[in-house]
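The values are calculated or read from the model by the stated rules, or taken from the named source; none is laboratory data. Please read these numbers as outputs of a predicted model, since none were measured by experiment. Quick reminder, even Gly has a Cβ in these numbers, built from the backbone with ideal geometry, and neighbours come from all protein chains shown.
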């Protein structure tokens, strides 16, 4: 859950996820939609799908016990080199180095290791240093300590060097500019997108459709369309909802919101949609599902859908 996601965001879902899936077997028996619903709001949903697939592989191939060896962990869905090493080290005490962004940053500064953040070359140097530092007993404690140090003290910007327990030995601090290490990647320029979403109501329920895309596949969303402007997005939305037997209301929108995904800055306009009045309007009856507003809290919906609901259901 913490991969590319803040502690504050994870805290809202972590306990509930463990209550819903207290062991590997319960996760393996779950449906994809149940897991996506419990993960809702954390983003990067491939992680949730892989977690479920890994649980099924553990039950099928390892009798329900999580493997201890990094090589066996690497064969599980979603387990790359870091994840396999981290589980083996932190859970089972294997003497293998694990370096995520925090460990990379701490060791890059401590030893003034040059290289681009996240690059294979720097990661190899960091892992080599970490391997030498790992103690024979409880090596996972050092890995966990480096993670915490990077999270709370040796932060990407304005590290709190005066309270750092390894500051006297830090080569980057001795050189006078810890923030130079590691070298940061250039941020991608923001891309501004307009999105028009349709809120259709029927007897107190609202229509959502299943998302079919690589990054939000299987999640529920309000019918929507993107464009370079609000007008263009609304025109595309009109064509999309026609297949659902709906018509989009005219301007103005009934609500608005903003959402950011990586470098995409999304301006959302929410429109009311009603049953099409023209004769012979085609309806794809199997394309969506009608939700009560209260059901959205436990449904497999992304943050974007929740923002549209907050903006549109008040007056939708």
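Any residue in the stretch 155-162 that is out of contact with any helix residue (DSSP H, G or I) (no Cβ under 8 Å at 6 or more places or on another chain), more than 24 Å from residue 4 (Cα to Cα) and not in a loop (DSSP other than H, G, I, E, B)?
yes
Which fully enclosed helices (runs of 4 or more DSSP H) of the stretch 31-111 have 1 or more residues being over 23 Å from the mean Cα position of the chain (by Cα) and within 30 Å of residue 136 (Cβ to Cβ)?
In the stretch 31-111, 46-62, 70-74, 81-92, 101-110 are the helices (runs of 4 or more DSSP H) which contain 1 or more residues that are over 23 Å from the mean Cα position of the chain (by Cα) and within 30 Å of residue 136 (Cβ to Cβ).
Would a scan of the stretch 23-41 turn up a residue that is at pLDDT below 95 and under 17 Å from residue 83 (Cβ atoms)?
Scanning the stretch 23-41, I find at least one residue that is at pLDDT below 95 and under 17 Å from residue 83 (Cβ atoms), so the answer is yes.
Show the residue pairs that are 6+ apart or on different chains and have beta-carbon atoms under 6 Å apart, the first residue being within the stretch 291-305 and surrounded by 15 or more Cβ atoms within 10 Å (Cβ to Cβ), the second being at pLDDT 90 or above and assigned to a helix (DSSP H, G or I).
Partner pairs satisfying both residue conditions: 296/309; 299/37; 300/33; 300/36; 300/37.
Of everything in the stretch 168-213, what is within 24 Å of the chain's Cα centre (by Cα), buried (at least 18 other Cβ atoms within 10 Å of the Cβ) and in a strand (DSSP E or B)? Give them in sequence order.
Hits for the stretch 168-213 are 194, 195, 196, 197, 208, 209.
Against the condition over 19 Å from residue 90 (Cβ atoms), part of a loop (DSSP other than H, G, I, E, B) and more than 25 Å from the chain's Cα centre (by Cα), how does residue 165 come out, does it pass?
yes
Do the conditions hold for residue 237, that is, is it within 18 Å of residue 290 (Cβ to Cβ) and either at pLDDT 95 or above or over 20 Å from the mean Cα position of the chain (by Cα) (or both)?
no
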